[in-house]
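See below for the structure under consideration.
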Amino acid sequence: MKPLRLLLAGSVCAIAIAAAVSPGSAANLLGNPDFETGLLAPWAGVGGLGPNATITIISDNGPSAPGTHCAFLDNQAEANGLTMAQTTGPGTADMGTVYYSYDLSLGTAANGGVFFVEVFAQNSVGAVIGNAGLQGNYAPAGWTHYSGSFVAPAGTDHLTIQFEAPTGAVTGSVSSMKVDNVDLHQDLPVPAMSETWGRLKALYR
Ligand SMILES: [Ca+2]
């Protein structure tokens, strides 16, 4: 018969491994979420880029974290859907609550120019199977922090968040917005340590 102490150590180890592989994480799933690398990557322009529709990193900073850089979506092309997005890696998400937040500061919105944010839950082959709903239209006078959550369905494998600055089919339509401090995460479904220890001890009474 194995000594009790060894059995206990094995059980603790199994619990530690279970915790480590639990789906979801309280850590931000996004790379370069504060644009402090001074580069856009791994964010990307996924639509609407052109001579009069650009995404650049500029010297300014949102209020949620210290820094000196943010992204600037500047769409001055009519009837154009300028969009910046980032997709998290394979297996980074699971069913359950997804929390999102970001800082926005309006540049200009005029003649039908608007600004929206969308968050998608995707399955392992990239199909969209859930979403947070269309967030916006946003037109904050100055830097403003926004946050929300939605429940990702069964089969969720990874997430995409995208910032959209579409313009109207009108000459002079403009949508420009600064974006910073983007967070996308899920909480670990791990029981509190005291509860874990309580259950563990109960096994050996
Ligand atoms: Ca920043």
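Matching residues to (1) of a type in the set (Phe, Trp, Tyr); (2) modelled with pLDDT of 95 or more; (3) touching a strand residue (DSSP E or B) at 6+ places or on another chain (Cβ under 9 Å):
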{"position": "ALA110", "(1), (2), (3)": "no, yes, yes"}
{"position": "ALA141", "(1), (2), (3)": "no, no, yes"}
{"position": "PRO153", "(1), (2), (3)": "no, yes, yes"}
{"position": "PRO166", "(1), (2), (3)": "no, yes, yes"}
{"position": "ASP183", "(1), (2), (3)": "no, yes, yes"}
{"position": "GLY198", "(1), (2), (3)": "no, no, no"}
Within the set of pairs 6+ apart or on separate chains, which have a first residue in the range 53-70 that is over 22 Å from ASN28 (Cα atoms), a second that is assigned to a strand (DSSP E or B), and C-beta atoms under 6 Å apart? ALA53/ASN75; ALA53/LEU82; THR54/ASP74; ILE55/GLY45; ILE55/LEU73; ILE55/MET84; THR56/PHE72; ILE58/PHE72
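Residues in the range 58-95 that are within 11 Å of the ligand (Cβ to nearest atom) and over 13 Å from GLY45 (Cβ atoms): how many?
Let us first name the residues in the range 58-95 that are within 11 Å of the ligand (Cβ to nearest atom), namely 58-71.
Restricting the remaining residues to those that are over 13 Å from GLY45 (Cβ atoms) gives 58-70.
Residues flagged as within 11 Å of the ligand (Cβ to nearest atom) and over 13 Å from GLY45 (Cβ atoms) within the range 58-95 amount to 13.
When you scan the range 24-88 for strands (runs of 3 or more DSSP E) that lie fully inside it, which ones turn up with 2 or more residues that are touching a Phe, Trp or Tyr at 6+ places or on another chain (Cβ under 9 Å) and at pLDDT 95 or above?
Ranges flagged: 53-59, 69-75, 81-87.
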Among the residues of the range 119-133, which ones are part of a strand (DSSP E or B) and crowded, with 19+ Cβ neighbours inside 10 Å? VAL119, PHE120, ALA121, GLN122, GLY130
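The values are calculated or read from the model by the stated rules, or taken from the named source; none is laboratory data. All figures in this text were calculated on a predicted structure; none of them were measured in a lab. Every residue, glycine among them, receives a Cβ derived from its backbone with ideal geometry; neighbour counts consider all protein chains shown.
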